[in-house]
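I have placed the structure first, in the form of structure tokens, so that the comments after it can refer back to it.
No value in this document is a laboratory result; all are computed from the given coordinates. Since the model is a prediction, treat every value here as computed from it, not as a measurement. Cβ placement follows ideal geometry from the backbone for every residue including glycine, while neighbour counts extend to all protein chains displayed.
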């Protein structure tokens, strides 16, 4: 896909959906945040529900203002959600476009009604947009639900992340979530259907659960996983207080924060690169492919399930690659300079030069004024970055 093809596909989808949806649905979609939010490094986060009742101590959604005592399906219908995404200026539809990530501020399989909304959203996204979909969950996945995932995966790639971060402390850290034993059973059920779930070993909580990581990976390997995402902790003042109330030793967390103040609801990432390096080597020795991000898990799942090698949406290969079998840097899209000039001509009419290497696409303008005008259209640069899977830099001569 190039920029011209992207523009035509967006127009086609908008026309198709306008002919299906009533006027009130169109208006509701355009008012929704999915129609204008910037994607995250893992892709466009899609909310299939609001809130969560699993009450995990390390969770930050309460600090973000989402309810932690109830969960309800998201208000948009599946087609309204698709229309909102197509209208989002940052979103690129297609298998080679923006990744879709489900489960960032909720448990997407929490209740039967939430689960149905999640499957409706995934089905419509794969049917109309074709984008790779990823879901992260702690909920138990029965063989029946695994069958539904398998049926849906025939439409397009679905990356399923199963979160397990503790075997010993789950009653305190995740008091209302299904047990790790049930989540390992979920992995087995998905693998029986030929799906490729990934262990989501996130968050690593220094001083609390890193010593369990090896056992967790071994158990997940026995259950059938082929890959693991190892991720860190984002802590807030509330999360730290909850851990201490439950008599967890937080000295290692505070030591790694190096005096950073936890103000209000602000989330602060706890440094853990030394732990991650060690766990990456352990994963390799166990025989599991270590992945640095959820984005990489989506990319690896596409490769495992279809044989197609697509570079990471989040450009993970530029700064955190762990050399998984996809080998993103060797399968980058070809640069179409005429297509890039066509896109930039929407902003400035003067001549530009284009230079690129394997990880960088540089646009050089004749003046600072033109450079600033291009930089002001960050949505267009984001689209080009998604299409060409390179970090874009704009400079003046």
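Extent of region 80-154 along its three principal axes (Cα atoms, max minus min coordinate, largest first): 36, 26, 18 Å. Projected label points at residue 358 and residue 376, each 7 Å from Cα along the beta carbon direction, are separated by 3.8 nanometres. Any idea what angle helix 112-124 forms with the longest principal axis of the chain, computed on alpha-carbon atoms, 0 to 90 degrees, nearest 10? Roughly 30 degrees between the two axes. Judged by the gyration tensor of its Cα atoms, with axes a ≥ b ≥ c, region 249-331 is prolate; a/c meets the 1.5 cut and a/b is the larger of a/b and b/c.
Just one of [x] 60, 44, 37; [y] 63, 48, 43; [z] 68, 52, 30 is Cα extents along the principal axes in Å calculated from these coordinates, so which is it? Here Cα extents along the principal axes in Å agrees with entry [y]. Note on region 198-252: Rg/Rh from C-alpha atoms, Kirkwood Rh, equals 1.06.
Modelled this way, with points 7 Å down the Cα-to-C-beta line, the labels at residue 15 and residue 94 are 1.8 nm from one another.
Region 1-61 and region 309-350 have Cα centres spaced 23 Å apart. With angles folded into 0 to 90 degrees, how steeply does helix 3-18 sit against the dominant principal axis of the chain? Use alpha carbons for both and round to 10. Rounded to the nearest ten degrees, it is 70. Stretching residue 171 away from residue 64 to a fully extended chain increases their span by 36.1 nm, per 0.36 nm per residue minus the current alpha-carbon distance. Distance from the alpha carbon centroid of region 272-286 to that of region 123-183 works out to 24 angstrom.
Using alpha carbons only, the radius of gyration of region 1-141 set against its Kirkwood radius gives Rg/Rh = 0.98. Of the residues 196, 127, the one with the fewest other Cβ atoms within 10 Å heads the list, and the complete ranking is 127, 196. Can you tell me the 0 to 90 degree angle between the C-alpha axis of helix 378-388 and the longest principal axis of the chain, rounded to 10? In the chain, helix 378-388 runs at an angle near 80 degrees to the longest axis. Under a Gaussian network description of the chain, with springs only between Cα atoms under 10 Å, the residue in 259, 307, 232 that fluctuates furthest is 259.
Across the chain, Cα pairs under 8 Å and at least six residues apart give a relative contact order of 15 percent.
Result for the chain in a Gaussian network model with C-alpha springs under 10 Å: among 264, 51, 62, the largest mean-square fluctuation is at 264.
Cα convex hull, region 337-396: 67 Å³ per residue, rounded to a whole number. Choose one answer from 241, 115, 183: the residue with the largest mean-square fluctuation in a GNM of the chain with alpha-carbon springs under 10 Å. Between 241, 115, 183, it is 241 that shows the largest mean-square fluctuation. Apply the Debye scattering formula to region 18-89, with a single equal point scatterer on each alpha-carbon and no solvent, then give log10 I(q)/I(0) at q = 0.13, 0.28 Å⁻¹. Each listed q corresponds, in turn, to -0.46, -1.22.
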